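Read through the structure below, which is laid out as structure tokens, and then see the notes.
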Amino acid sequence: MSKFWSPFVKDLVPYVPGEQPKLAKLVKLNTNENPYGPSPKALAAMQAELNDSLRLYPDPNGERLKNAVAEYYDVQANQVFVGNGSDEVLAHIFHGLFQHDKALLFPDITYSFYPVYCGLYGIDFQTVALDEEFQIRVADYARPNGGIIFPNPNAPTGRVLALEAIEQILQASPDSVVVVDEAYIDFGGQSAVALVERYPNLLVTQTLSKSRSLAGMRVGLAIGSAELIEALERIKNSFNSYPLDRLAIVGAAAAFEDREYFETCREKVISSREHLISELSGLGFDILPSAANFIFARHPLKDAAELAVGLRQQGVIVRHFKQARIEQFLRISIGTPEQNQALVDALREL
Ligand code: PMP
């Protein structure tokens, strides 16, 4: 604490990101990155962009990327917003689209950045408990105004809602902005982008950090009605008009265009997930059904915090949350088959 800090900064409770260790030899299964590298076409596009043009500002609108996303999802380019990671896109949403004097609704077990943004932007919020199966209960999500946000699949549970359930939420809350955070959608869910034509209050956010292996580049996006996207553009242009650099714009666009590489990687991750679930079940773990690139697992007899420490001592990092109701779970990102095997071997020792 410094005497130079304003009361506002003194009161901030920032988000604590997962550890990014310096040791390359650790088996890193703690922050849901993709174990496979980015599309070779994305790398080539960025290499081609490494030239004299870097002295010039990038396209403030990232049109090249917006067009690639619009083409992929069969929407108009003016229905796409791009930003510096979906965390930044979410920041703009919290800042400008959620009403500051009406409580925002989200699950009590969810992405822990949501309450942080509420604190930062002075938004009231109300949380609602997940059901006994750690699933979102659709009936709890009717909101006359004020906004709703949840990830689908949810994090850190990995549980997914069907499109029909999302549609029920949208129908129950036609005057609220409903944000579906689809950071993990490509590993098992159906994207709600299919609903944006019919629901002008729906905003879907996505990231290139997970299924497109570009966490190090920081690109995220939102897709929704042109009126919601225009609001985000206004906010962005009042904050940082050039959120994406030249490399990010061409690399992310090429990643969206390379469907074949994307499909291959996601299938590998999904099949590794199913294999890991069966291995860990064999070791006595209870694992929630997962539609994400991670699993949420607990052992009926072993303490999760101790398991996380024991794994770390053997060079495997997973994520443990101290939050009530989930303190006996570990969130384990899906790695390569070799990394997953290293985890299973380490767990056998504990
Ligand atoms: N939403 C959820 C649910 C996440 O788990 C994450 C990753 N921590 C993000 C958004 C942010 O992803 P990024 O900023 O890398 O796009």
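The values are calculated or read from the model by the stated rules, or taken from the named source; none is laboratory data. Being a predicted model, the structure only gives us computed values, none of them experimental. Cβ atoms come from the backbone with ideal geometry, glycine included; neighbour counts cover every protein chain shown. For the accessible areas, the whole protein counts, side chains as well, though only heavy atoms, and no ligand, DNA or RNA atoms are used. Shrake-Rupley method; radii C 1.70, N 1.55, O 1.52, S 1.80 Å.
Numbers below:
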{"read-out": "Number of the condition not met by Pro151 [criteria: (1) within 19 Å of Lys210 (Cβ to Cβ); (2) open to solvent by 50 Å² or more (accessible area, probe 1.4 Å)]", "value": "(2)"}
{"read-out": "Of all residues in the range 146-190 being within 16 Å of the ligand (Cβ to nearest atom) and part of a helix (DSSP H, G or I), the one that is farthest from Leu330 (Cα to Cα)", "value": "Ile166"}
{"read-out": "Subset of the range 224-266 [touching a Phe, Trp or Tyr at 6+ places or on another chain (Cβ under 6 Å) and within 16 Å of the ligand (Cβ to nearest atom)]", "value": "Leu232, Phe256"}
{"read-out": "Qualifying residue in the range 103-115 (condition: farther than 26 Å from Phe294 by Cα, of a type outside the set (Asp, Glu), away from the ligand (no atom under 15 Å from the Cβ) and open to solvent by 50 Å² or more (accessible area, probe 1.4 Å))", "value": "no"}
{"read-out": "Residues being assigned to a helix (DSSP H, G or I) and open to solvent by 10 Å² or more (accessible area, probe 1.4 Å) - total across the range 197-248", "value": "10"}
{"read-out": "Members of the range 70-89 that are within 14 Å of the ligand (Cβ to nearest atom) and under 21 Å from Glu197 (Cα atoms)", "value": "Phe81, Val82, Val89"}
{"read-out": "The one condition in (1) open to solvent by 50 Å² or more (accessible area, probe 1.4 Å); (2) modelled with pLDDT of 95 or more; (3) touching a Ser or Thr at 6+ places or on another chain (Cβ under 7 Å) that Asp140 fails to fulfil", "value": "(3)"}
{"read-out": "Those residues of the range 283-301 which are crowded, with 17+ Cβ neighbours inside 10 Å and more than 20 Å from the chain's Cα centre (by Cα), in sequence order", "value": "Phe285, Ile287, Arg298, His299"}
{"read-out": "Looking only at the range 19-57, and only at residues there that are more than 16 Å from the ligand (Cβ to nearest atom) and charged (D, E, K, R), the one that is modelled with the lowest pLDDT", "value": "Lys22"}
{"read-out": "Filter result for Pro60 (within 16 Å of the ligand (Cβ to nearest atom) and open to solvent by 50 Å² or more (accessible area, probe 1.4 Å))", "value": "no"}
{"read-out": "Filter result for Leu29 (open to solvent by less than 80 Å² (accessible area, probe 1.4 Å) and over 29 Å from Gln323 (Cβ atoms))", "value": "no"}
{"read-out": "Filter result for Leu280 (in contact with a strand residue (DSSP E or B) (Cβ under 7 Å, 6 or more places away or on another chain), without any contact (Cβ under 8 Å) to a residue 60 or more places away in the chain and either within 24 Å of Pro156 (Cβ to Cβ) or open to solvent by less than 50 Å² (accessible area, probe 1.4 Å) (or both))", "value": "no"}
{"read-out": "Residues (over 22 Å from Arg331 (Cα atoms) and surrounded by fewer than 11 Cβ atoms within 10 Å (Cβ to Cβ)) located in the range 10-26", "value": "Lys10, Asp11, Val13"}
{"read-out": "The range 198-211, subset more than 10 Å from the ligand (Cβ to nearest atom) and in contact (Cβ under 8 Å) with a residue 40 or more places away in the chain, residue farthest from the chain's Cα centre (by Cα)", "value": "Leu203"}
